[in-house]
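Comments concern the structure below.
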Amino acid sequence: MTSREKNAVIIAGISLVLFLLLQFVLFPLMENREKMTKNVVTRQRQLEEMEQMQQRYALFSQKSRSIAALLNERASGFSLFSFLEQNAADIKVKERIAYMKPSELAAEGVLKQSMVEMKLQAVSLKQLVAFLKTTESPQNLVGIKRITIQENNKEKGTLDVILQIVSVDQVVNAVN
């Protein structure tokens, strides 16, 4: 072989070795590094999400314990139905109650709730506001889920109201 051919073979060999090194060593290393970098970013995002979920869990756990504490402080034998009847009597709208329908709601998460749907007929706005003020009771864990107000057609200046009132009865499987 001439020196020119030898140089061409050497250059071709070096090119082949460089190609093989680049193709099978350097490029895979760079791809792996890129994958690992993406993996690290993904794992960091997952870690942040887990920390947020942990904070939410702690908050829910704290709320569950505070609800349980409020339930313990509430008068024993508390009944939403009788609570509403007593409020209606105090506000002097008991005779305006058309109906009261108690029902139990399916447990939502860790809370067992009861509900009463009631209709008040021909009540004044002042009576309604007073009734709502006494009924919405965070210390007794009573709240208004839905309210429908219509003007009464028979007695001018009065309202017909349908209320759905919910009470937390107990914490089921409380989170500790």
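The values are calculated or read from the model by the stated rules, or taken from the named source; none is laboratory data. Only a predicted model underlies this, so the values are computations on that prediction, with no experimental measurement involved. With ideal geometry, Cβ positions are generated from the backbone for all residues, glycine too; neighbour counts draw on all protein chains shown.
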Long-range neighbours under 9 Å by Cβ, at least six apart or interchain, first residue outside the structural domain of residue 111 (by TED's automatic domain parsing) within the range 41-64, second modelled with pLDDT of 95 or more and hydroxyl-bearing (Ser, Thr, Tyr): none
Against the conditions (1) surrounded by fewer than 13 Cβ atoms within 10 Å (Cβ to Cβ); (2) free of Cβ contacts under 8 Å to residues at least 40 places away in the same chain; (3) assigned to a helix (DSSP H, G or I), where does residue 139 fall short? Just the number, please. (2)
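Using the structure shown, decide if residue 111 is touching a residue at least 40 places away in the same chain (Cβ under 8 Å) and either touching a His at 6+ places or on another chain (Cβ under 6 Å) or under 25 Å from residue 131 (Cα atoms) (or both).
no
For (1) out of contact with any helix residue (DSSP H, G or I) (no Cβ under 8 Å at 6 or more places or on another chain); (2) over 24 Å from residue 131 (Cβ atoms); (3) exposed (fewer than 15 other Cβ atoms within 10 Å of the Cβ), each residue gets a yes or a no:
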site: 62; (1), (2), (3): yes, yes, yes
site: 76; (1), (2), (3): yes, yes, yes
site: 82; (1), (2), (3): yes, no, yes
site: 92; (1), (2), (3): no, no, yes
site: 97; (1), (2), (3): no, no, no
Name the one entry in 123, 175, 110, 166 that is modelled with pLDDT of 90 or more and either over 30 Å from residue 55 (Cα atoms) or in contact with a Phe, Trp or Tyr (Cβ under 9 Å, 6 or more places away or on another chain) (or both). 123
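If you go through the range 28-47 one residue at a time, do you hit one that is within 30 Å of residue 111 (Cα to Cα) and within 41 Å of the chain's Cα centre (by Cα)? Quick ask: steps written out before the conclusion?
Keep residues of the range 28-47 that are within 30 Å of residue 111 (Cα to Cα), which gives 46-47.
With the extra rule that they be within 41 Å of the chain's Cα centre (by Cα), the set shrinks to 46-47.
Yes; the residues of the range 28-47 include at least one that is within 30 Å of residue 111 (Cα to Cα) and within 41 Å of the chain's Cα centre (by Cα).
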What single numbered condition from (1) without any contact (Cβ under 8 Å) to a residue 40 or more places away in the chain; (2) not assigned by TED's automatic domain parsing to the domain that holds residue 54 fails to hold for residue 161? (1)
Which of the residues belonging to the range 56-88 are closer than 12 Å to residue 141 by Cβ, in contact with a strand residue (DSSP E or B) (Cβ under 9 Å, 6 or more places away or on another chain) and outside any helix (DSSP H, G or I)? 78
Pair list, Cβ under 7 Å, 6 or more apart: the range 83-95 residue closer than 14 Å to residue 165 by Cα, other residue of a type in the set (A, V, I, L, M, F, W, C): 83/142; 84/100; 84/116; 84/118; 84/165; 87/131; 88/97; 88/131
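For the range 99-133: of the residues being among the hydroxyl-bearing types (Ser, Thr, Tyr) and under 21 Å from residue 169 (Cβ atoms), which is surrounded by the fewest Cβ atoms within 10 Å (Cβ to Cβ)?
Residues of the range 99-133 among the hydroxyl-bearing types (Ser, Thr, Tyr): 99, 103, 114, 124.
Filter once more, keeping what is under 21 Å from residue 169 (Cβ atoms): 103, 114.
On the way: 103: 10, 114: 18.
Here the answer is 103.
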